[in-house]
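One structure below.
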Amino acid sequence: MQPTLQKCTKREINTLRQISIETYYDTFASMNTVETMQAYLEIAFVKDKLEQEQDEKILYLCF
């Protein structure tokens, strides 16, 4: 089965947010303190910010 990408819709932002948080955490947690990880996750994956980025014409959020 080939992986596929689909453009994220506003209804799927929460799913994208959760996948993003889990992926980032799994990748970088061992290299950072708990405090650093928490601080970054709180600013990087804010729902409103993801929705704004999804609206931009030059950026496609996919999963």
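The values are calculated or read from the model by the stated rules, or taken from the named source; none is laboratory data. All values derive from a computational prediction rather than experimental measurement. With ideal geometry, Cβ positions are generated from the backbone for all residues, glycine too; neighbour counts draw on all protein chains shown. When the accessible area is computed, the model is the full protein with side chains, heavy atoms only, and any ligands, DNA or RNA have been set aside. Shrake-Rupley method; radii C 1.70, N 1.55, O 1.52, S 1.80 Å.
Points worth noting:
- Taking a sphere under 15 Å around the Cβ of Phe28 and counting the other residues whose Cβ falls inside, with K and R at +1 and D and E at -1, yields a net charge of -4.
- Accessible surface of Asp26 - all protein chains present, 1.4 Å probe, nearest 10 Å²: 120
- Unit charges at the beta carbon, dipole of the chain: most positive-side option, Gln6, Thr33, Thr23: Gln6
- With a 1.4 Å probe rolled over the protein heavy atoms of all chains, the accessible area of Glu53, Glu22, Glu42 falls in the order Glu42, Glu22, Glu53, largest first.
- A value for Rg/Rh (Cα atoms, Kirkwood Rh) was derived from the coordinates, and within the list (1) 1.02; (2) 1.25; (3) 1.06 it appears as (1).
- Distance between modelled label sites at Met1 and Thr15, nm, 7 Å Cα→Cβ extension: 1.3
- Interchain or long-range residues, amide H under 5 Å from Cys8's placed H: Leu61, Cys62, Phe63
- Glu35 contributes an accessible area of around 130 Å² to the protein surface, as traced by a 1.4 Å probe with all chains present.
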